[in-house]
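What follows is a set of notes on a single structure, which appears directly below.
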Amino acid sequence: MDFPYPYNRNYTMNWFLLSLLNDHLNQLLARYSRLQPIRIDLFYRKGSWRYLHHGMKQAECEVRQLTEMMMRQSKLVGYFWVLEFTSRHGCHAHIVMYLNRHNNQATYPIAEQVGVLWQEITEGQGYHNRCDRKASYEADITQPVNYDDNLAINGLRYIISYLAKEEQKHGDYYYGSNEIPAPSKLGRPRGSH
């Protein structure tokens, strides 16, 4: 299939999820001129009650609770998450969160806050992993993204496409995102590109 945005061709894409991810990013870029993405994975500790007994519905409730709390308690301007299942990790979540880079540049405290809240929500049975830049990656999740920087935007599109992969979903699609407010009429108008 011909798709208008870059994506990770190492995986089979779910085109519906990929379209949702890209539309969500487009709305964020229309609203905010400079974004700072953060990628976080959420897991249940192997052998814990939640690891052994939680299904997708229970995990969905806990991830929704986490993202809603983060939107209220932090300076996040957006998030998108998906659930997956593997025999190694059980039910787990992949999340991309966005900060307005003009108001907040520090991603580490946000990732730590996610970890603390996830520990509380899961009663100590969960853990998180912040996904950072690795030399083998084609794009860098740690870099800010300006609304007019096509190279950075396409790099981010490549990174977030991982959330739209068919693998590990087993035909069950659990995902969520926040609603993005319409672009503000304040400030200097953007030039056309």
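Data for the structure
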quantity	calculated
Protection proxy ranking, peptides 78-90, 152-164, average beta carbon neighbours within 10 Å, highest first	152-164, 78-90
Backbone N within the stretch 94-138 under 20 Å of label point (7 Å from GLN58 Cα along the Cβ vector)	94, 117-128
Identified option (computed mean projected area of the Cα convex hull in nm²; candidates (1) 11.5; (2) 12.2; (3) 10.9)	(1)
14 Å beta-carbon shell around PRO109, net charge (K/R +1, D/E -1)	+1
Relative packing of peptides 70-77, 114-121 - highest average C-beta neighbours within 10 Å first	114-121, 70-77
Signed unit charges on C-beta, dipole axis of the chain, positive-most listed residue ASN26, SER184, LEU151	SER184
Net charge of Cβ neighbours under 9 Å - reference LEU83; Lys, Arg +1; Asp, Glu -1	-2
Approximate spin-label separation ASN129-HIS170, in nm, with each point projected 7 Å along Cα-to-Cβ	1.9 nm
Estimated inter-spin distance, TRP49 and ARG9, nm [label 7 Å along Cα→Cβ]	4.8 nm
Principal-axis tilt of helix 108-121 within the chain, Cα atoms, nearest 10 degrees	30 degrees
Share of carbon and sulfur in the accessible heavy-atom surface of the chain [1.4 Å probe, %]	49 percent
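The values are calculated or read from the model by the stated rules, or taken from the named source; none is laboratory data. On a predicted model such as this, the values are computed, not experimentally measured, just so you know. Note that we place each Cβ from the backbone using ideal geometry, even for glycine, and neighbour counts take in every protein chain shown. Note: accessible area is taken over every heavy atom of the protein model, side chains too, but ligands, DNA and RNA are not part of it. Shrake-Rupley method; radii C 1.70, N 1.55, O 1.52, S 1.80 Å.
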